[in-house]
Each structure stands twice: as structure tokens, then as C-alpha cells.
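Remarks on the structure that follows.
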Amino acid sequence: MTFLQKKILPGIITALLAFTGVARAQVELGIDVLKSENFAPLKGKRVGLVTNQTGISSSGERTRIILKNAPGMKLVALFTPEHGLDGTELAGKYVASRRDRATGLIAHSLYGPTRKPTPQMLQGIDVLVYDMQDIGSRSYTYISTMVKCMEAAGESNIEFMVLDRPNPLGGIRVEGPPMEPEWISFVGQLPVPYIHGMTAGELARMANTLGWAQTRCKLTVIPMQGWQRQMTWVDTGLRWIPTSPNIPRASSPLYYVATGIVGELAGLEIGCGGPDPFEIISTKWLNARQFTAYMRSLNMPGVTFSEYSNEGFEGSRIHIEPHAEANLCALGVYMLAGLNRGGNIFEKSRGDKLEMFYKCYGSQSIRAQIENGVPVPRIVAGWEANIIRFESERKPFLLY
């Protein structure tokens with residue numbers, strides 16, 4: 001696809017979807033398609049479901065209730081990721097297993113003593129079904145949970161099924177640094193660019209074939225109907241369910257990929273825990289006017305900045321359009337460069353804090369680049385070869 005097509009098509013699609021209410025509701029999720037097929041792939045099987053509050057149909061019915069009541073199959077267990085079954089637990093906080101009041105089933109935590117279903121958890125299950133909404137960034141742990149579940153399914157010789165959902169950032173935007181092997185972790189389980197432009201189902205196909213899941217499984221993906229790669233969430237007509245406490249709105253993933261990595265460093269405030277998570281970049285050593293002028297000087301299309309000041313923190317408030325053409329990962333690196341003018345931002349972080357920053361970025365190289373004053377365009381250009389290679393490698397696994 002040419003740059004001009006990338007620039008024009010999203011606007012055309014948005015206009016068409018806004019023009020007709022019928023078109024706005026035409027995206028059918030994987031769970032909708034499975035239901036329309038009368039659950040044929042699950043007939044006669046005992047099912048475990050990996051899900052949370054985002055596992056709903058396009059009409060708003062919870063997937064776990066749909067499968068509990070589905071004819072010819074039996075839902076026998078639930079599995080929950082970071083943030084828990086209801087999505088209310090804070091990032092990084094231990095999630096306990098518990099009984100789900102809606103279904104009466106045990107919801108096994110995959111963000112407690114284990115990140116991966118144990119053989120005991122999988123006893124009596126024929127197929128493990130995954131239905132959760134991802135946000136399109138490799139550091140968001142739901143896709144890490146998916147890969148660990150795929151490995152467990154392969155090891156226990158049970159089937160694995162993904163009920164596919166949209167990538168809220170769309171399927172075209174691919175940006176950001178690569179993942180170096182030594183930094184692979186639960187916040188970077190897959191060797192993909194930071195913004196990968198794939199759905200969970202597509203990532204599952206790629207991970208299973210290329211061996212990113214250590215043990216391959218018998219994989220089935222139930223694709224969506226009506227979703228196109230140019231669509232961001234606003235184009236789907238679907239209701240957004242907050243995926244976690246700091247991703248409250250359909251626009252939140254845009255801000256997450258712009259400021260999330262930067263926010264791992266000590267002394268920085270990015271709005272998490274408040275009404276506008278990831279939409280702010282501020283510190284106690286910045287001058288709001290000067291920093292905002294610097295950010296505005298970048299002339300990033302689709303992104304605007306205003307001065308921000310609150311309780312001794314100064315910086316910028318960010319606004320990102322749904323189809324912004326700006327490189328959002330580059331935006332984060334420009335922030336790092338601007339912040340570093342006020343003193344070495346890496347020396348302010350220690351131990352686990354700095355290590356988490358490297359894990360999210362996927363490399364330690366960014367520190368030396370920023371400290372040595374390497375121009376940001378050169379840093380961003382260094383990502384390009386990996387992005388081109390990845391876009392070629394992913395083609396056989398794309399479903400839309």
C-alpha cells in the first residue's frame with residue numbers, strides 16, 4: 001500500500017461508516033461468528049475459556065455466558081489475565097483465583113503464582129478458547145498470556161482456539177523498536193515491533209508457525225467478519241470496554257504506545273491513576289512552556305500539545321487523532337530526548353524500574369543513544385530494517 005493510500009483510505013472508510021448506521025454495526029467479532037455457526041467447532045467438547053470483562057459479543061453479551069449456555073458443548077473452567085476477570089486489578093498486582101458468580105466456575109488466575117495454565121488446571125479440558133481485547137502493543141500482557149496458554153495447550157495435547165477481535169490501532173500502523181532476545185519477558189513476549197498492526201488471531205498463527213510459542217498447538221482462529229486493516233476502533237461501530245484501569249477509552253491505546261515506555265522511568269508523570277492515563281508527560285524539573293514549545297516544533301501530523309501543570313509537575317498534555325499519521329513510537333523517543341535536556345533521566349532510575357524500561361523498549365541501546373545525543377530521526381531510522389522484515393514475514397499470517 002502506498003503512502004497516499006494509507007493517508008486517504010482511513011478517511012474514506014470513516015466517512016462511509018459515519019454516513020450509514022448499518023455499516024457502522026457490520027463488524028462481527030469472532031464470538032459472533034462462532035455463535036452464527038451454532039458453535040460447530042466446539043460440539044461435544046469440554047471447553048476452558050481465557051477471558052475477562054472485554055470478552056463480549058458485538059451486542060454486549062458476555063462470552064462466558066454465551067458459551068455456558070451454548071448447546072452441544074460444556075464450559076468447564078475460566079482463566080484470567082493481568083487485571084483479573086473484571087479488569088479492575090491494578091497493573092502488576094497479584095490476581096487471585098476465585099469462583100465466578102456469573103457462571104459458577106472457577107476462574108484460574110494466570111497472573112498470580114503462574115503465568116501459564118498448569119496441567120492440573122487443564123485436566124478435563126478438550127479445547128482452550130481465548131477471547132480478550134488486545135490494544136495493539138507488544139508490551140500489553142494479554143498477548144503474552146495468549147502465547148503462554150498456547151504453549152500449555154500444546155504440552156497437554158489439547159486444542160487452542162482464538163476468537164478474533166480488532167486491533168484498535170488498526171492493521172496498518174507498524175512502528176517502534178525491535179525486541180532483542182535477551183530482553184524478552186512477560187511485557188515483551190513476542191519478537192515483533194512495539195506496534196505490530198496485527199490481531200490476536202494473526203499473532204497466534206504467526207507465533208505457532210514460527211515457534212515463538214515454545215510448544216506448538218493445534219490452533220484454530222475464528223476470524224471476524226467486516227473488519228478491514230484500515231479501521232481503527234472508531235470505525236468499527238463497536239462499544240469499547242475498558243481493557244484495564246488505565247485503558248478506559250477506545251483512544252487510550254494511541255496514548256499508551258506514545259508515552260507508556262517513557263513512563264517507566266522514575267520521576268515522570270504520565271497521568272496513570274487519574275482521569276487521563278498516558279495523555280500527559282510531566283516532571284518536577286520541566287518548564288511547561290519550553291517543553292510544550294519543543295513538542296510543538298516537531299510538527300507531528302495528527303498530534304497536538306498544550307501546556308500542563310499540576311502539583312509541582314510541569315510538561316505537556318497530548319491530543320492524538322484516531323488516524324494520526326505521526327509515528328507514535330518516535331514521539332516517545334522525542335520525549336526522552338527533550339526530558340534528558342534537564343539532566344540524565346536514566347540516572348534517576350534504579351534497579352527494577354530501569355530494567356522494566358529496557359524490557360518494554362526491547363533493548364538497552366536507547367540509553368546510550370539518548371545520552372550521546374544521537375538525533376531522534378537517526379534512532380527511528382534504525383528501526384526501519386526490522387519493520388520491513390517483519391511486514392514481509394507477517395504476510396502469510398494475515399487474515400484481513
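The values are calculated or read from the model by the stated rules, or taken from the named source; none is laboratory data. Since the structure is predicted, the reported quantities are computational estimates derived from the model, not experimental observations. Here Cβ is always computed from backbone atoms with ideal geometry, including for glycine, and neighbour counts include all displayed protein chains. All accessible areas refer to the heavy atoms of the entire protein, side chains included, with ligands and DNA or RNA removed. Shrake-Rupley method; radii C 1.70, N 1.55, O 1.52, S 1.80 Å.
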### Query
If you place +1 on the Cβ of every Lys and Arg, -1 on the Cβ of every Asp and Glu, and leave all else neutral, what size is the dipole of segment 132-194 about its Cα centre, to the nearest 20 Debye?
220
### Dipole of the chain [Lys/Arg +1, Asp/Glu -1 at C-beta], most positive-end residue of F291, S316, N157
N157
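Find the Cα radius of gyration of segment 23-83, compare it with 2.2 N^0.38 Å by division, and give the number to two decimals. It would help to have the intermediate numbers written out before the result.
Details: Rg = 12.0 Å, N = 61, 2.2 N^0.38 = 10.5 Å.
Taking the Cα Rg and dividing by 2.2 N^0.38 Å, one obtains 1.15.
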## Note on the structure
Computed for the chain: size of charge dipole around the Cα centre, +1 on C-beta of each Lys and Arg, -1 on C-beta of each Asp and Glu, debye to nearest 20, value 600
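Sort 275-286, 346-357, 311-322 by packing, meaning the average of other beta carbons within 10 Å per residue, with the highest value first.
Numbers: 275-286: 20.3, 346-357: 14.9, 311-322: 18.3.
Packing order, densest peptide first, comes out as 275-286, 311-322, 346-357.
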### Task
At a Cα cut-off below 30 Å, give the lysines reachable from K395, other chains included and same-chain residues fewer than 8 away excluded.
K6, K7, K35, K116, K148, K218, K359
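From the Cα gyration tensor of segment 313-365, with a ≥ b ≥ c the square roots of its eigenvalues, which class applies: rounded if a/c is under 1.5, or else prolate if a/b is larger than b/c, or else oblate? The partial results should precede the final answer.
Values: a/c = 2.33, a/b = 1.47, b/c = 1.58.
Here segment 313-365 falls in the oblate category.
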### Message
Quick query: amide H of V221 versus all other amide H atoms, modeled in the peptide plane; which residues come in under 5 Å with a sequence gap of 5 or more or a different chain?
### Response
V162
### Summary
Rg (one decimal) and Dmax (whole number) from the Cα set of segment 295-336, in Å, equal 11.0, 33
#### Entry: Residue-count net charge about V33 - beta-carbon cut-off 15 Å; Lys, Arg +1, Asp, Glu -1
-4
### Message
From the helices alone, meaning DSSP H stretches of at least four residues, give me the mean residue ellipticity at 222 nm for the chain, per-run term -39500 (n - 2.57), in deg cm²/dmol to the nearest 500.
### Response
-9000 deg cm²/dmol
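In the calculated pair distance distribution of the chain, what percentage of Cα-Cα distances lie above 37 Å?
On the way: 16852 of 79800 pairs.
Value for the chain: 21 percent of Cα pairs lie more than 37 Å apart.
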## Note on the structure
If amide H atoms are modeled at 1.01 Å from N in the peptide plane, then the residues at a separation of 5 or more from G112, or on another chain, having amide H under 5 Å from its own are V95
### 1.4 Å probe accessible area per residue over the chain, in Å²
41
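Can you give me the Rg/Rh ratio for segment 152-268, using Cα atoms for both radii and the Kirkwood formula for Rh? If you can, show how the numbers build up before the last one.
Numbers: Rg = 15.7 Å, Rh = 16.0 Å.
On the Cα set of segment 152-268, Rg over Rh gives 0.98.
Using the Cα centre as the reference, give the magnitude of the dipole from point charges on the C-beta atoms of segment 278-331 (Lys, Arg: +1; Asp, Glu: -1; all else neutral), rounded to the nearest 20 debye.
Details: 4 positive and 6 negative charges, 34 e Å.
Charge dipole, segment 278-331, about its Cα centre: 160 debye, nearest 20.
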### Query
Using the Karplus equation 6.51 cos²θ - 1.76 cosθ + 1.60 (θ = phi - 60°), what ³J(HN,Hα) coupling, rounded to whole Hz, does each residue of segment 63-69 give in order, writing x for Gly and Pro?
4, 5, 6, 4, 6, 4, 9
### Query
What translational D, rounded to a whole number of µm²/s, comes out for segment 47-157 from Stokes-Einstein when the hydrodynamic radius is the Kirkwood one over Cα pairs, at 10 °C and 1.306 mPa s?
113
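Just need the relative contact order of segment 43-174 here, percent rounded to a whole number, with Cα pairs under 8 Å and 6+ apart. Walk me through the numbers on the way to the answer.
Numbers: 238 pairs, mean separation 33.8, N = 132.
Relative contact order of segment 43-174: 26 percent.
Quick check: at a probe of 1.4 Å, how many percent of the accessible area of the chain sits on carbon and sulfur atoms?
Numbers: 8260 of 16300 Å².
That share works out to 51 percent.
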### Query
Cα gyration tensor of segment 205-277, axes a ≥ b ≥ c as square roots of the eigenvalues: rounded (a/c below 1.5), prolate (a/b > b/c) or oblate?
oblate
### Task
Over the Cα atoms of segment 226-376, compute the convex hull volume and normalise it per residue, giving Å³.
124
### Summary
Rounded to the angstrom and largest first, Cα extents along the principal axes for segment 237-295 equal 40, 23, 18
### Query
Which whole-Hz couplings ³J(HN,Hα) result when phi for each residue of segment 39-48 is put into the Karplus expression 6.51 cos²θ - 1.76 cosθ + 1.60, θ = phi - 60°, listed in order with x for Gly and Pro?
6, 3, x, 10, 4, x, 10, 8, 10, x
### Query
What order do you get for 127-134, 389-396, 45-52, 181-188 when each peptide is scored by the mean count of other beta carbon atoms within 10 Å, highest first?
127-134, 45-52, 181-188, 389-396
